[in-house]
Amino acid sequence: MVVIKGRSNKEIAKDSQLYKLLKDEISGEKDWEKAWMYCKKISTFTHAPVSLKEYERMEKFADDDILVTTIASILQKWTVPNENSILSGFDVIGYFYSIALLSVAKHNREQNIYLLSKICDTLIKEKNQYCGVLVRNITKLKKKYPDLIHLEDKFRNL
């Protein structure tokens, strides 16, 4: 008989690319506790954000300045493959919820918008398959966060 055992959210979180990247960046116990809560929350999701409600899930983490700053630092280095995420090991869910976090955070707003703009430019230049997910992020959030609107223009010619 074959027994298929599910994994706990804690196990899923610890195996994620997001967890590993955050673990490398955060050393303080108090800061890690908050990052760990973020990782565990992300591990409960089955796909990248689609609806406005799913994007708004990140608002509760957006007030944590250290987490927001760390996520921005990670996203600057996190390469988005232009291939099957399963084959590449790319954490689509962690990456795009992290994009959502930066999109809703007030802390370092100008720098975060600039980083999102650079990420848009990179994905467009590469004709990356994940451009659509990034466009959806902007489209869903632009009414509530109008400073994202100019990023949508970058995708008009795709």
* To do: Considering only residues that are more than 16 Å from Ile99 (Cα to Cα), among the basic types (Lys, Arg) and surrounded by 15 or more Cβ atoms within 10 Å (Cβ to Cβ), look in the range 21-52 and name the one that is nearest to the chain's Cα centre (by Cα).
  => Lys40
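Of the residues Ser103, Ser117, Ser73, which single one is touching a residue at least 40 places away in the same chain (Cβ under 8 Å), under 22 Å from Pro146 (Cβ atoms) and out of contact with any Cys (no Cβ under 9 Å at 6 or more places or on another chain)? Lay out the reasoning, then the answer.
Working: Ser117 fails: touching a residue at least 40 places away in the same chain (Cβ under 8 Å); Ser73 fails: under 22 Å from Pro146 (Cβ atoms).
One residue alone meets the criteria, Ser103.
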* **Of the criteria (1) crowded, with 16+ Cβ neighbours inside 10 Å; (2) within 26 Å of Leu123 (Cα to Cα), which one Gln76 fails** => (1)
* Structure fact -> If you go through Lys14, Lys23, the only one that is part of a helix (DSSP H, G or I), of a type in the set (Lys, Arg) and touching a Ser or Thr at 6+ places or on another chain (Cβ under 9 Å) is Lys14
* **Val50 vs. criteria in contact (Cβ under 8 Å) with a residue 40 or more places away in the chain, in contact with a His (Cβ under 6 Å, 6 or more places away or on another chain), at negative phi and of a type outside the set (Asp, Glu)** => no
* **Count - residues of the range 110-151 that are surrounded by fewer than 16 Cβ atoms within 10 Å (Cβ to Cβ), of a type outside the set (A, V, I, L, M, F, W, C) and farther than 19 Å from Arg57 by Cβ** => 15
* **Hits in the range 91-110 - residues which are more than 12 Å from the chain's Cα centre (by Cα) and under 17 Å from Arg136 (Cβ atoms)** => none
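Results for (1) over 23 Å from Lys118 (Cα atoms); (2) not polar (S, T, N, Q), shown as yes or no for each residue.
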| position | (1), (2) |
| --- | --- |
| Lys40 | yes, yes |
| Phe45 | yes, yes |
| Val50 | no, yes |
| Arg57 | yes, yes |
| Leu67 | no, yes |
| Ser73 | no, no |
| Lys77 | no, yes |
| Glu83 | no, yes |
| Gly94 | no, yes |
* To do: Name every residue in the range 34-93 that is among the polar types (S, T, N, Q) and in a helix (DSSP H, G or I), in order of residue number.
  => Thr69, Thr70, Ser73, Gln76, Ser85, Ser88
* Structure fact -> Reported set for the range 100-157 where residues are of a type in the set (Ser, Thr, Tyr) and within 29 Å of Glu83 (Cβ to Cβ) is Ser103, Tyr114, Ser117, Thr122, Tyr130, Thr139
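Computed from the coordinates by the stated procedures, all read-outs in this text should not be read as laboratory data. Everything quoted here is computed from the prediction, not taken from an experiment. A quick note on method: Cβ atoms are made from the backbone with ideal geometry, for glycine too, and the neighbour counts reach across all protein chains shown.
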